[in-house]
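**Q** I am attaching a structure below and will ask some questions about it afterwards.
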Amino acid sequence: MAMIDVQDLTYTYPATDSPALKNVSLKVEEGEFVAIIGANGAGKSTLCYTIAGFIPHFFAGTLNGKVEVAGIESQHSTLQELVLNVGLVFQNPFNQISGAKFTVYEEIAFGLENLGIPREEMIKRVDKVMALTGITDLAKRSPYALSGGQQQRVALASILVMEPKILVLDEPTSQLDPIGTREVFQVIKEMSNRGMTVVMAEHKVEWIAEFTDKVIALSRGEVLLQGPPAEVLTSPLLPQHGIGISRYTAVARRAREENLWPAALPLPVTLDDAVAGFVGGLENAH
Ligand SMILES: Nc1ncnc2c1ncn2[C@@H]1O[C@H](COP(=O)(O)OP(=O)(O)O)[C@@H](O)[C@H]1O
Ligand SMILES: [Mg+2]
């Protein structure tokens, strides 16, 4: 049984005419790390909210089709039931801050407090997750007095500490520099290797190619493509639908037009694959 099973989902926000998601079907297996890409307004956040149960339990509107997460059909359950399985990291980390706590440490412990986790275990879990997300030195800071990137790490930590079966992340690296982005992708990959199921809306295609198992591309609320990262991320359909592609893909595509890219080789997404392709081409030419 798939961990996330969405069938023919159509969703319209309250007081709007056209659906934000149209006939979306997808499956995510346990432990899979899946990226969602798409232009602004394509429906990435809406899909994240739906998988996390915020739609239809927080945002009303009209939902048709089936959304089953960890065996629970979201329309026929409560948000309280769903949040035991799914953690959502919001696009804007500011929205994640509880407003109830004065320090980052307390902020991260907050969710566990609410679950009534014993103090000893709580401390262990909070310390571990803070080290993992690289925020140990922020423990005593106010959650509000942080940079955007620091807030994103805190938001991630406050969800990871809950150890959800399914982790949904909405552009969790948007305010991070390349080093921070790599660290966050590595942490999430490690979680996925340990069996956590991960769905992540993200723009950074080179990182997606390096770390994820599958990519779902959305366009105007519909699934445009889904499949292996190397396949989806090099599709000529992406630029036609306003989705950014890797500069390495663009260069290699241009080179292929000049017969400078090995005919049998798929187009690259990462620098390493681009270099390998060009070096291979040069060797064959000699
Ligand atoms: N709360 C809302 N109420 C009404 N329409 C919304 C709301 N949030 C998003 N939308 C609309 O739904 C569509 C998808 O938006 P969104 O899921 O935020 O896209 P993305 O995250 O890919 O940028 C857009 O047309 C957007 O205007
Ligand atoms: Mg969004």
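**Q** Could you tell me whether the stretch 87-96 includes any residue that is among the hydrophobic types (A, V, I, L, M, F, W, C), in a strand (DSSP E or B) and either more than 14 Å from ligand 1 (Cβ to nearest atom) or outside the structural domain of Glu30 (by TED's automatic domain parsing) (or both)?
**A** no
**Q** Further question: Among what's in the stretch 132-145 and is of a type in the set (A, V, I, L, M, F, W, C) and either at pLDDT 95 or above or part of a helix (DSSP H, G or I) (or both), pick the residue that is surrounded by the fewest Cβ atoms within 10 Å (Cβ to Cβ).
**A** This residue is Ala139.
**Q** Taking Asn40, is it modelled with pLDDT of 95 or more, at negative phi, open to solvent by 20 Å² or more (accessible area, probe 1.4 Å) and over 18 Å from the mean Cα position of the chain (by Cα)?
**A** No: the conditions fail for Asn40.
**Q** Quickly run through the stretch 219-277 and pick out the residues that are of a type in the set (Asp, Glu) and either surrounded by 16 or more Cβ atoms within 10 Å (Cβ to Cβ) or out of contact with any Leu (no Cβ under 9 Å at 6 or more places or on another chain) (or both).
**A** Glu222, Glu257, Glu258, Asp272, Asp273
**Q** Can you tell me which residue is nearest to the chain's Cα centre (by Cα) among those in the stretch 110-131 that are modelled with pLDDT under 95 and either of a type in the set (A, V, I, L, M) or open to solvent by less than 70 Å² (accessible area, probe 1.4 Å) (or both)?
**A** Top of the filtered list is Gly111.
**Q** Taking the condition of being within 16 Å of ligand 2 (Cβ to nearest atom) and either in contact with a Lys or Arg (Cβ under 8 Å, 6 or more places away or on another chain) or in contact (Cβ under 8 Å) with a residue 60 or more places away in the chain (or both), how many residues in the stretch 78-109 meet it?
**A** The total comes to 6.
**Q** Which ones in the stretch 250-272 are in contact (Cβ under 8 Å) with a residue 40 or more places away in the chain and outside any loop (DSSP other than H, G, I, E, B)?
**A** Selection gives Leu271 alone.
**Q** Among the residues of the stretch 28-86, write down those that are assigned to a loop (DSSP other than H, G, I, E, B), within 16 Å of ligand 1 (Cβ to nearest atom), in contact with a helix residue (DSSP H, G or I) (Cβ under 8 Å, 6 or more places away or on another chain) and within 25 Å of Thr173 (Cβ to Cβ).
**A** Passing the criteria: Gly38, Ala52, Gly53, Phe58, Phe59.
**Q** Checking Ser235 against (1) touching a Gly at 6+ places or on another chain (Cβ under 7 Å); (2) modelled with pLDDT of 95 or more: exactly one of these is not met. Which one?
**A** With respect to (1) touching a Gly at 6+ places or on another chain (Cβ under 7 Å); (2) modelled with pLDDT of 95 or more, Ser235 is out only on (1).
The values are calculated or read from the model by the stated rules, or taken from the named source; none is laboratory data. Nothing here was measured: the structure is a model prediction, and the numbers come from that model. Glycine also receives a Cβ, built like all others from the backbone with ideal geometry; neighbour counts cover every protein chain displayed. Just so you know, the surface numbers come from the protein's heavy atoms only, side chains and all, with ligands and any DNA or RNA stripped out. Shrake-Rupley method; radii C 1.70, N 1.55, O 1.52, S 1.80 Å.
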